[in-house]
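Here's the structure, in structure tokens; my notes come after.
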Amino acid sequence: MNPATPTDATAADPGYAGDVSPVQAFDWWQSGDAVLVDVRTDAEREWVGYVPGAIAVAWKQWPGMAVNPDFDAGLKAAVPAGKKVVLLCRSGVRSIAAAKRATELGIEAYNILEGFEGDANEQAQRGAVGGWQCRGLPWRQN
């Protein structure tokens, strides 16, 4: 697939390759076209759920949410040269910052729209409006 076509990715934001839907990211990952990296904290993956087989490289660390000083090294180790990466966070916001950093490191990086949990609903709860979970893609909870 050509990531530049409108059906595959949105127009690129300055600083990273673009945004893809959770389903497109899953397809790329399953076909071997991309590496799936979950940039949420260890606590989020432990308490909320995780994608089996995704590589965990936190963008920020709990508690305090300071940028992970080992992010660059972890991402470089996770993504082979010439491979693109799709980045997953809670709602698709932190993964934009991670995608911009990945691009600075020379990696073709895409943000996964909606993230793992999606947007909050009218009751301020996540998991029912968009996101990896809501789209029926594989995930587990401890």
### Query
For segment 1-28, what are the residues that are more than 14 Å from residue 92 (Cα to Cα), at pLDDT 95 or above and assigned to a loop (DSSP other than H, G, I, E, B)?
17
### Count of residues meeting criterion [surrounded by 15 or more Cβ atoms within 10 Å (Cβ to Cβ), assigned to a helix (DSSP H, G or I) and modelled with pLDDT of 90 or more] in segment 85-132
11
#### Entry: Close pairs from segment 32-54: first free of Cβ contacts under 8 Å to residues at least 60 places away in the same chain and closer than 20 Å to residue 98 by Cα, partner assigned to a loop (DSSP other than H, G, I, E, B) and charged (D, E, K, R), Cβ under 6 Å, at least 6 apart
35/83
### Query
How do the pairs read when you match residues in segment 121-142 that are closer than 17 Å to residue 44 by Cβ and among the polar types (S, T, N, Q) with residues anywhere that are surrounded by 10 or more Cβ atoms within 10 Å (Cβ to Cβ) and at pLDDT below 85, using Cβ under 7 Å and keeping only pairs 6 or more apart or on different chains?
133/127
## Note on the structure
How many residues of segment 29-47 are more than 14 Å from residue 68 (Cα to Cα) and part of a loop (DSSP other than H, G, I, E, B)? The answer is 2
#### Entry: Residue, surrounded by the most Cβ atoms within 10 Å (Cβ to Cβ), within segment 64-75, restricted to residues that are closer than 12 Å to residue 37 by Cα and in contact with a helix residue (DSSP H, G or I) (Cβ under 9 Å, 6 or more places away or on another chain)
75
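The values are calculated or read from the model by the stated rules, or taken from the named source; none is laboratory data. In this text the structure is predicted, and so the values were computed from the model without any measurement. With ideal geometry, Cβ positions are generated from the backbone for all residues, glycine too; neighbour counts draw on all protein chains shown.
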